[in-house]
Amino acid sequence: MASYDVIVIGSGPGGYVAAIRASQLGYKVAIVERAELGGICLNWGCIPTKALLKSAQVMDYMNHAADYGVQVQGASADFGAVVKRSRGVADKMSKGVQFLMRKNKIEIIAGMGKLNTKKEVEVTGADGKVTVHNAKHTILATGARSRQLPNLPIDGKMIIGYREAMNLPTQPKSMIVVGSGAIGVEFAYFYNSLGTKVTIVEFLPRIVPVEDEDISKELEKIYKKKGMTIMTNASVEKVEKSGNGVKATVKTAEGNISLEADVVLSAVGIQANIENIGLEALGIKTDKGKVLVDKYFKTNVDGIYAIGDITPGQALAHVASKGGIICVEAFANKDGKYKHAPEPLDYGNVPGCTYCSPEIASVGYTEKQAKDAGYEVKVGKFPFSASGKASAAGATEGFVKVIFDAKYGEWLGTHMIGANVTEVIAETVVGRKLETTWHEVLDSIHPHPTMSESVKDAVEVALGEAIHL
């Protein structure tokens, strides 16, 4: 039986980051992984999807090259090459995690990890061989997978999930995307840009439903302009094979309609991987498919912790990574290896990013949430059509919307849709963390010409002091 100070089950952006932080603090660490290092995010999620989306963006540039005074003849997408590039990017990132494990002297145990006792982890290798390992601290970081609706079971052919959508052998001529969260609208943009006819079916009244209402309206307008069909307040009731494709029955307020397509992409969210990891035997508490933890990610069983998508809160890579660091620093503080207790994660100041085109980025209250919380608000909205940098780049779609408390000037939220806005949202995150008011934002010089100065311009609009509108 091998012994460690810390064993991490799962090597995604929560698990491998937690393992590295534990090693930095002097622990002997092992990480258990049943598939590729880096987990879903690096191999089948965050990173390779961005590679696909970049190829789609390049195709967009080719199709609109004349707008920039450049003539391009006969540009076409090689779907197989696009997918191959994406897989290459993922492979490179996974190898990067292997390097980090070696650098930090973290042992990799290949196989499926399961809790035996609160001190023992059982690992079943691909060959069926079982090994048992001992640890003082065990961190569960097993992530999540595509959620399946009972009437839309993913079969990998007629009905696919995000994993199959990244690796299709041929490009479909038509696709129905069920669900319009980040995964749904990103794949909708990717396939639409390469020439696939895309229909989005969303159960709720608007697409990207977690975003501010103005963002939803703007993206729907832009997507319709790109030629996509958007159906809200609608649900796919059943899917049947029809010739070489599928026939989907869609329930709408006006009644059922039938849609035909080559394939249906189910993008209705994710489900935590909490089965068969030993939770029940140890009496670890769960609720609604998530492992319950305290503010330092400790479960109700001493020595067992859980981070990332298997815990309540936003299922985002950066949340998992920060959670892993907080978790390790908290028990390291009790072990005398870290000088103070870490600050708990502020779930109200977590940025959300969607990498469709135009991109979406947001943090904090939406306008409705702020009003529902009892705030009197000042709202500023600055369109990128008034931005010099956006005009020069040919990227004038979208806007920046800021929300402030009218009484004290507290920065309640920011919501953006536009080119590269995921690179801009961090200003609001840091500003809110520092309890910044509108005065500090306006007193901080924003470089010109940039997309980021539109945040300052939006604040000016909120205060009735707009210069560029």
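The values are calculated or read from the model by the stated rules, or taken from the named source; none is laboratory data. Note that the structure is a prediction, hence the values are computed from the model and not measured. Please note: Cβ atoms are built from the backbone with ideal geometry, for glycine as well, and neighbour counts cover all protein chains shown. Calculation scope for accessible area: heavy atoms of the full protein, side chains included, ligands and nucleic acids excluded. Shrake-Rupley method; radii C 1.70, N 1.55, O 1.52, S 1.80 Å.
This table checks each residue for (1) out of contact with any helix residue (DSSP H, G or I) (no Cβ under 7 Å at 6 or more places or on another chain); (2) basic (Lys, Arg).
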site: Glu359; (1), (2): no, no
site: Val363; (1), (2): no, no
site: Lys368; (1), (2): no, yes
site: Asp372; (1), (2): yes, no
site: Gly380; (1), (2): no, no
site: Ser385; (1), (2): yes, no
site: Gly388; (1), (2): yes, no
site: Ala393; (1), (2): yes, no
site: Phe399; (1), (2): no, no
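State the number of residues belonging to segment 430-445 that are open to solvent by less than 30 Å² (accessible area, probe 1.4 Å) and either in a helix (DSSP H, G or I) or of a type outside the set (S, T, N, Q) (or both).
Of the residues in that region, 3 qualify.
So, of the residues in segment 79-110 that are open to solvent by less than 20 Å² (accessible area, probe 1.4 Å) and not in a helix (DSSP H, G or I), which turns out to be nearest to Ala22 (Cα to Cα)?
Filtering segment 79-110 for residues that are open to solvent by less than 20 Å² (accessible area, probe 1.4 Å) and not in a helix (DSSP H, G or I), the one nearest to Ala22 (Cα to Cα) comes out as Ile106.
Out of Asp287, Asp212, Asp294, report the one residue that is acidic (Asp, Glu), at pLDDT 95 or above and touching a helix residue (DSSP H, G or I) at 6+ places or on another chain (Cβ under 8 Å).
Asp212
I need the full set of residues from segment 229-261 which are closer than 30 Å to Met59 by Cβ and open to solvent by 20 Å² or more (accessible area, probe 1.4 Å), in order please.
Scanning segment 229-261 gives Thr229, Ile230, Met231, Thr232, Val239, Ser242, Gly243, Asn244, Lys247, Leu259, Glu260.
Restricting to segment 111-122, count the residues that are closer than 12 Å to Glu33 by Cα and open to solvent by 80 Å² or more (accessible area, probe 1.4 Å).
Qualifying residue count for the region: 1.
How many of the residues making up segment 341-363 are assigned to a loop (DSSP other than H, G, I, E, B) and over 11 Å from Gly413 (Cβ atoms)?
Counting residues in segment 341-363 that are assigned to a loop (DSSP other than H, G, I, E, B) and over 11 Å from Gly413 (Cβ atoms) gives 11.
From the set of residues in segment 254-286 that are small (Gly, Ala, Ser) and part of a strand (DSSP E or B), which is nearest to Ile159 (Cα to Cα)?
That would be Ser266.
Would you check if Val58 is in contact with a Gly (Cβ under 7 Å, 6 or more places away or on another chain) and among the β-branched types (Val, Ile, Thr)?
no
Go through segment 365-383 and report how many residues are in contact with a strand residue (DSSP E or B) (Cβ under 9 Å, 6 or more places away or on another chain) and either under 13 Å from Ile215 (Cβ atoms) or open to solvent by 30 Å² or more (accessible area, probe 1.4 Å) (or both).
Residues flagged as in contact with a strand residue (DSSP E or B) (Cβ under 9 Å, 6 or more places away or on another chain) and either under 13 Å from Ile215 (Cβ atoms) or open to solvent by 30 Å² or more (accessible area, probe 1.4 Å) (or both) within segment 365-383 amount to 13.
Mind checking which pairs have a first residue in segment 316-335 that is without any contact (Cβ under 8 Å) to a residue 12 or more places away in the chain and farther than 12 Å from Leu25 by Cα and a second that is outside any helix (DSSP H, G or I) and of a type in the set (A, V, I, L, M), Cβ under 9 Å, 6 or more apart or different chains?
Final answer for the pair search is Lys334/Ala341.
Hey, among the residues in segment 142-169 that are among the small types (Gly, Ala, Ser) and outside any loop (DSSP other than H, G, I, E, B), which one's farthest from Val250 (Cα to Cα)?
Selected residue: Ala144.
For the structure I just gave you, tell me whether Leu279 is of a type in the set (A, V, I, L, M), in contact (Cβ under 8 Å) with a residue 12 or more places away in the chain and surrounded by 21 or more Cβ atoms within 10 Å (Cβ to Cβ).
Here the answer is yes, as Leu279 does meet what is asked.
Considering only segment 123-138, state which residues are open to solvent by less than 90 Å² (accessible area, probe 1.4 Å) and touching a residue at least 60 places away in the same chain (Cβ under 8 Å).
Val123, Thr131, Val132, His133, Asn134, Ala135, His137, Thr138
Would you pick out the residues in segment 10-35 that are open to solvent by 10 Å² or more (accessible area, probe 1.4 Å), more than 19 Å from the chain's Cα centre (by Cα), in contact (Cβ under 8 Å) with a residue 12 or more places away in the chain and more than 23 Å from His340 (Cα to Cα)?
Glu33, Arg34
For residues that are among the charged types (D, E, K, R) and out of contact with any strand residue (DSSP E or B) (no Cβ under 9 Å at 6 or more places or on another chain), scanning just segment 201-228, find the one that is most open to solvent (accessible area, probe 1.4 Å).
Within segment 201-228, the match that is most open to solvent (accessible area, probe 1.4 Å) is Lys225.
In segment 287-302, which residue that is touching a strand residue (DSSP E or B) at 6+ places or on another chain (Cβ under 9 Å) and not in a loop (DSSP other than H, G, I, E, B) is least open to solvent (accessible area, probe 1.4 Å)?
Applying the filter and picking the extreme gives Val291.
Exactly one of (1) open to solvent by less than 10 Å² (accessible area, probe 1.4 Å); (2) not in a helix (DSSP H, G or I) is unmet by Pro48. Its number?
(2)
Cβ contacts < 6 Å: first residue under 23 Å from Ala392 (Cα atoms) and touching a residue at least 40 places away in the same chain (Cβ under 8 Å), restricted to segment 63-77; second residue open to solvent by less than 70 Å² (accessible area, probe 1.4 Å) and outside any helix (DSSP H, G or I), any location; separation 6+ or different chain. Result?
Here the result reads Asp67/Gly394, each pair linking segment 63-77 to a residue that is open to solvent by less than 70 Å² (accessible area, probe 1.4 Å) and outside any helix (DSSP H, G or I).
Looking at segment 451-468, I want the residues that are outside any helix (DSSP H, G or I) and have a partner that is open to solvent by 40 Å² or more (accessible area, probe 1.4 Å) with Cβ atoms under 7 Å, at least 6 apart or on another chain. Which pairs are those?
The qualifying pairs are Met451/Lys389; Met451/Asn420; Ser452/Glu427; Leu463/Lys378.
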